[in-house]
1. Based on the mean of other Cβ atoms within 10 Å per residue, sort peptides 89-98, 19-28 so the most packed one is first.
2. Which ³J(HN,Hα) values in Hz, rounded to whole numbers, follow from the phi angles of segment 41-49 under the Karplus curve 6.51 cos²θ - 1.76 cosθ + 1.60, where θ = phi - 60° and Gly and Pro get x?
3. What is the packing order of peptides 39-48, 56-65, taking the mean over residues of other C-beta atoms within 10 Å and listing the highest first?
4. Excluding G89 itself, calculate the net charge of residues whose Cβ lies under 15 Å from the Cβ of G89, where each Lys or Arg counts +1 and each Asp or Glu counts -1.
5. Please list log₁₀ I(q)/I(0) at q = 0.16 Å⁻¹ for segment 1-71, using the Debye equation with identical point scatterers on the alpha-carbon positions.
6. Show the residues, 5+ positions off or on another chain, whose built amide H is closer than 5 Å to the amide H of G22.
7. List every residue whose amide H lies under 5 Å from the amide H of T61, counting only residues 5 or more places away in sequence or on a different chain, with H placed 1.01 Å from N in the peptide plane.
8. Using θ = phi - 60° and the Karplus relation 6.51 cos²θ - 1.76 cosθ + 1.60, list the HN-Hα couplings for segment 87-94 in order, rounded to whole Hz, with x at every Gly or Pro.
Amino acid sequence: MPYSGSIVSSDTLAATATLLVGHRCILTGACVINTTGADAYVQLFDAAAAADVTVGTTLPTWVIQTDFGKGLVNESSNIPEGGISFVNGIVGASCTTPAGNTGAAQHVRLAII
């Protein structure tokens, strides 16, 4: 049976912790457009509010790497079948390293149920 759900988007995700989903959900897919001049990383945190995350200190729950020069990158393949459960919600950031705090602006679309 196919999943039905919602698309959550951020057109300027960078180093500032940003609340993307404010409730329990399952992440089933992601599409990221890397607008930087280098590889970048979307950090996703299981948190109910942006204030619950200190980018560069709080360890992300899940990280999506996007390669520079690929443009539209569909990263659904690195999300396990059945998705990833976020108990509190999803706070996101986009940085130059998987757990750092130097911003790397990207366009992000998340599929959630």
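Here, each number is a calculation from the coordinates, and none is a lab measurement. In this text the structure is predicted, and so the values were computed from the model without any measurement. Cβ: placed from backbone, ideal geometry, glycine included. Neighbour counts: every protein chain shown.
1. Details: 89-98: 22.2, 19-28: 18.1.
My ranking of the peptides, most packed first, is 89-98, 19-28.
2. Taking θ as phi minus 60°, the curve returns 9, 8, 9, 10, 10, 7, 8, 8, 8 Hz for segment 41-49.
3. Working: 39-48: 22.3, 56-65: 16.0.
So the peptides 39-48, 56-65, ranked by packing, come out 39-48, 56-65.
4. Values: positive: R24; negative: D46, D52.
Summing Lys and Arg as +1 and Asp and Glu as -1 gives -1.
5. -0.64
6. Here I90 satisfy the definition.
7. When sequence neighbours closer than 5 places are left aside, the close amide H contacts are L44, F45, D46.
8. 6, 9, x, 10, 10, x, 8, 10
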